[in-house]
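Shown below is the structure under consideration.
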Amino acid sequence: MPANAIEQLLRLRRGDAKSSAYCRVKVGERTFECSFVSSLGTDELLFRLTETGNGLRESDRTHFQKAFMLTSREAEILLWISRGKRPTATSAKILSISPRTVNKHLEQVFVKLGVENRAAAAAAAVRALAR
């Protein structure tokens, strides 16, 4: 990780920066944005790392919307599930919405995908991306 990104994260950890602070990191042709989301405990912080521009994340979300007829938010939640985010509270913090809202979106995702749980939804998402 580039030195400027490490320094930014250390400032966030010390509380020297506001919670909305972020840093941009360029790796080859790809650009990422790292932003502080919240503290989960005394030694645990939650950051969001997002590929900006024409990143994989946006194209995956768009692919899910088309393949499964999902809304943008449903596709984003499915994307996080397919990348291993399990607890509803964690997904809610990442997306800046309530855990109840995440669950309601998940209910709709399950119906649209014809599955009964997160594991089956994640499997369907991975299969869709492999095509």
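The values are calculated or read from the model by the stated rules, or taken from the named source; none is laboratory data. The model shown is predicted, which means the values in this text are computed figures rather than measured ones. When we count neighbours, we look across all protein chains shown, and the Cβ atoms used for this are built from the backbone with ideal geometry, even at glycine.
For the structure I just gave you, tell me whether E58 is at pLDDT below 75, outside any strand (DSSP E or B) and under 27 Å from R127 (Cβ atoms).
It is true that E58 is at pLDDT below 75, outside any strand (DSSP E or B) and under 27 Å from R127 (Cβ atoms).
Tally the residues that are touching a Ser or Thr at 6+ places or on another chain (Cβ under 9 Å) and over 17 Å from V115 (Cβ atoms), restricting the search to the stretch 73-84.
Of the residues in the stretch 73-84, 1 are touching a Ser or Thr at 6+ places or on another chain (Cβ under 9 Å) and over 17 Å from V115 (Cβ atoms).
Specify the residue that is modelled with the highest pLDDT; the eligible residues are those in the stretch 1-35 that are hydrophobic (A, V, I, L, M, F, W, C) and exposed (fewer than 14 other Cβ atoms within 10 Å of the Cβ).
This residue is A3.
Further question on the same structure: Could you give every pair whose Cβ atoms fall below 8 Å, whose first residue belongs to the stretch 83-95 and is in the same structural domain as H105 (by TED's automatic domain parsing), and whose second residue is surrounded by 17 or more Cβ atoms within 10 Å (Cβ to Cβ) and among the polar types (S, T, N, Q), counting only separations of at least 6 or pairs across chains?
K85/S91
Scan the stretch 97-131 for residues that are closer than 28 Å to L45 by Cβ, without any contact (Cβ under 8 Å) to a residue 24 or more places away in the chain and not hydrophobic (A, V, I, L, M, F, W, C) and jot them down.
Across the stretch 97-131, the qualifying residues are S98, P99, R100, T101, N103, K104.
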